[in-house]
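Reviewing the structure listed below.
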Amino acid sequence: MKVHINLMPNYLEIQEFPAFIPYENIINVQSMSQEKLSAMRLLLVGIFAFAWKKKKQFMVLTYKDDAGIEQNPVFDMKKIEEVQPAIYRKMIAARQK
């Protein structure tokens, strides 16, 4: 699904869901290679995991939702080298308040 991520002052917004994730709810944001994701996909979607053959980096956003359940959406984005560090900085700043 194609989504747009907006970095707002106090939260991350994903318009298409709609989702509003406060930076203090973000546990981790990291880049992950296709090879690491393949093992995770195998556990989640079985044999169909091997149909996904991209050779690039993906962003994994780990956060707790409103129910306290840990979520781990994976994003394929063009400017991961800019977006991932920006989210990480906002996450750290929110924890220091």
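The values are calculated or read from the model by the stated rules, or taken from the named source; none is laboratory data. This is a predicted model, so every value here is computed, not measured. As a convention, Cβ positions derive from the backbone with ideal geometry for all residues, glycine included, and neighbour counts pool all protein chains shown. Ligands, DNA and RNA are excluded from the accessible area calculation, which covers all protein heavy atoms including side chains. Shrake-Rupley method; radii C 1.70, N 1.55, O 1.52, S 1.80 Å.
Among the residues of the stretch 71-81, what is the count of those that are closer than 17 Å to Ile14 by Cα and open to solvent by 80 Å² or more (accessible area, probe 1.4 Å)?
Going through the stretch 71-81, the residues closer than 17 Å to Ile14 by Cα turn out to be 71-80.
Pick out the ones that are also open to solvent by 80 Å² or more (accessible area, probe 1.4 Å) and you get 78-79.
Adding up the residues that qualify gives 2.
Suppose the filter is at pLDDT below 95 and surrounded by 15 or more Cβ atoms within 10 Å (Cβ to Cβ); does Met32 pass it? Step through it out loud before you land on a result.
Working: at pLDDT below 95: yes; surrounded by 15 or more Cβ atoms within 10 Å (Cβ to Cβ): no.
The answer is no for Met32.
Could you tell me how many of the residues in the stretch 54-70 are surrounded by 13 or more Cβ atoms within 10 Å (Cβ to Cβ) and under 13 Å from Glu24 (Cα atoms)? Before you say what the answer is, go through the steps one by one.
At the first step, the residues of the stretch 54-70 found to be surrounded by 13 or more Cβ atoms within 10 Å (Cβ to Cβ) are 57-64.
Adding the requirement that they be under 13 Å from Glu24 (Cα atoms) leaves 61-64.
Within the stretch 54-70, residues that are surrounded by 13 or more Cβ atoms within 10 Å (Cβ to Cβ) and under 13 Å from Glu24 (Cα atoms) number 4.
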